[in-house]
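Inspection log for the structure reproduced underneath, given as C-alpha cells.
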Amino acid sequence: MRTALIIATLAVTFCGNASAATRLSVGTRVQPVDIVLSDFAFTPQNLRLHHGQVYQLRLMNRGSGAHNLAAPEFFAAAQINPGDGAAVSGGRIEVGKGETRTVTLTPVAAGRYGMTCTHFLHASFGMTGSITVD
Ligand SMILES: [Cu+2]
C-alpha cells in the first residue's frame, strides 16, 4: 500500500514535468512555488504571483489526512498546462495524505483570489488564504 502510494505520487510528479516540457516553448522560465498543506493551514498563507509568469505550483500535504486547495476564481483566471488539467477539478486540487501534486500554470488576470480547503470544517479551523496576482 505504501509502495503503491509512493509510485502514484512519482507518476503524478513525472507526468506534470513531462507535460510542462512538451508544451512550454524552449527558454520559458518556470518558477517553482511550494505550498505546504497541513492541519489546518496553507504555508505560505498568502501567495503573490505575477501575471504572465509560468509557475509550477507544488502542493505538498504534510497533514494527517487529505486536504485540497480550492481557488476556483484563480484557476479560472489562469492558463493551466493541458497535461495538468486533470489535477484541477471543480476549481480545486485534491492532495492525499503524504502526497505532492503539481500543476503548471500562468496567471493571466491581476486580482486577489481566495483559496481555501473545502474539506469539512477545515476552513473554519484556519485553512484559508489568498493568491494575489499583479
Ligand atoms: Cu484541509
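The values are calculated or read from the model by the stated rules, or taken from the named source; none is laboratory data. Please read these numbers as outputs of a predicted model, since none were measured by experiment. No Cβ is skipped: glycine too gets one built from the backbone with ideal geometry, and neighbour counts run over all protein chains shown. Accessible surface areas use protein heavy atoms only, side chains included; no ligands, DNA or RNA. Shrake-Rupley method; radii C 1.70, N 1.55, O 1.52, S 1.80 Å.
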Check: Just to be sure, is Thr132 open to solvent by 20 Å² or more (accessible area, probe 1.4 Å), more than 15 Å from the ligand (Cβ to nearest atom), among the β-branched types (Val, Ile, Thr) and not in a loop (DSSP other than H, G, I, E, B)?
Finding: yes
Item checked: Total residues in segment 105-119, condition within 9 Å of the ligand (Cβ to nearest atom) and more than 15 Å from the chain's Cα centre (by Cα) -> 1
Item checked: Lone unmet requirement of (1) surrounded by 14 or more Cβ atoms within 10 Å (Cβ to Cβ); (2) without any contact (Cβ under 8 Å) to a residue 40 or more places away in the chain; (3) in a loop (DSSP other than H, G, I, E, B); (4) not polar (S, T, N, Q) for Phe120 -> (1)
Check: Out of (1) at pLDDT below 95; (2) crowded, with 21+ Cβ neighbours inside 10 Å, what's the single condition that is false for Ser89?
Finding: (2)
Next item on the list: Can you tell me which residue within segment 48-86, out of those that are farther than 25 Å from Gly126 by Cα and part of a loop (DSSP other than H, G, I, E, B), is least open to solvent (accessible area, probe 1.4 Å)?
Entry: Asn81
Check: Do we find that Glu99 is within 19 Å of Val36 (Cβ to Cβ), in contact with a helix residue (DSSP H, G or I) (Cβ under 6 Å, 6 or more places away or on another chain), among the acidic types (Asp, Glu) and open to solvent by 20 Å² or more (accessible area, probe 1.4 Å) in this structure?
Finding: yes
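Condition check: in a helix (DSSP H, G or I), surrounded by 14 or more Cβ atoms within 10 Å (Cβ to Cβ) and at pLDDT 95 or above. Does Phe42 satisfy that?
Details: in a helix (DSSP H, G or I): no; surrounded by 14 or more Cβ atoms within 10 Å (Cβ to Cβ): yes; at pLDDT 95 or above: yes.
Spelling it out, it is not the case that Phe42 is in a helix (DSSP H, G or I), surrounded by 14 or more Cβ atoms within 10 Å (Cβ to Cβ) and at pLDDT 95 or above.
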